[in-house]
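Structure first, commentary second.
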Amino acid sequence: MALLRRDTRVQTIGKRKRTRALSRVPWARIRNVVLVVVGIMLLIWGVQYSRVRADRKQALMEILRLQEAVRKFRWDHERCPYDLEELKNPPAGGQPYYRRTLEDPWGRPYHMVCPGRTFEDSADVQSAGPDGDLDTADDVRPH
């Protein structure tokens with residue numbers, strides 16, 4: 001508790017002597033440092049949160065495009081594609097149904113179940129999300 005005890009010092013200003021209580025711990029500085037650190041942490045968290053949210057939105061848009069490509073493939077070939085790669089390289093050398101990358105914003109492949117349980121005329125396509133594990137709370141899939 002010696003750290004919290006106030007110390008009385010004599011301070012000379014010009015010709016006058018003045019006594020004032022000096023603290024061993026500059027509380028105002030500590031408070032300011034804590035506020036700056038908390039502010040920086042909140043700023044970093046906000047940037048990270050907005051980045052994850054944007055990645056999730058991008059993944060959802062790609063999933064909807066993939067589902068539309070699967071629907072067109074099924075209409076033309078009367079069967080489901082064997083995998084998503086078949087949308088880029090269709091049988092008999094036809095035009096590709098999907099030209100973009102088949103990876104989600106986190107660099108992992110999308111997963112497809114065809115015919116879909118939720119979308120029967122297309123396929124259920126989902127991303128494993130930021131953690132990379134399927135069937136967890138952070139998976140990206142249309143509802």
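The values are calculated or read from the model by the stated rules, or taken from the named source; none is laboratory data. Being a predicted model, the structure only gives us computed values, none of them experimental. For neighbour counting, all protein chains shown are included, and Cβ atoms are generated from backbone atoms with ideal geometry for every residue, glycine included.
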Residue match in region 85-100 (condition: under 24 Å from Arg53 (Cα atoms) and out of contact with any helix residue (DSSP H, G or I) (no Cβ under 6 Å at 6 or more places or on another chain)):
yes
Assuming Pro109 fulfils every condition listed in (1) modelled with pLDDT of 85 or more; (2) over 28 Å from the mean Cα position of the chain (by Cα) apart from one, which condition is it?
(2)
Could you check Leu102 against (1) aliphatic (A, V, I, L, M); (2) under 22 Å from the mean Cα position of the chain (by Cα); (3) loosely packed, with under 11 Cβ neighbours inside 10 Å and say which number it fails?
(3)
Does any residue of region 115-123 turn out to be aromatic (Phe, Trp, Tyr), in contact (Cβ under 8 Å) with a residue 24 or more places away in the chain and more than 28 Å from Gln48 (Cα to Cα)?
yes
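The rows are residues; the columns are (1) without any contact (Cβ under 8 Å) to a residue 40 or more places away in the chain; (2) part of a helix (DSSP H, G or I).
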site	(1), (2)
Asn32	yes, yes
Val37	yes, yes
Leu43	yes, yes
Val47	yes, yes
Arg53	yes, yes
Glu62	no, yes
Ala69	yes, yes
Asp83	yes, no
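Name every residue in region 91-108 that is out of contact with any Pro (no Cβ under 8 Å at 6 or more places or on another chain) and within 15 Å of Gln58 (Cβ to Cβ), in order of residue number.
Once the filter is applied, which keeps residues that are out of contact with any Pro (no Cβ under 8 Å at 6 or more places or on another chain) and within 15 Å of Gln58 (Cβ to Cβ), region 91-108 yields Arg100, Thr101, Asp104, Pro105, Gly107, Arg108.
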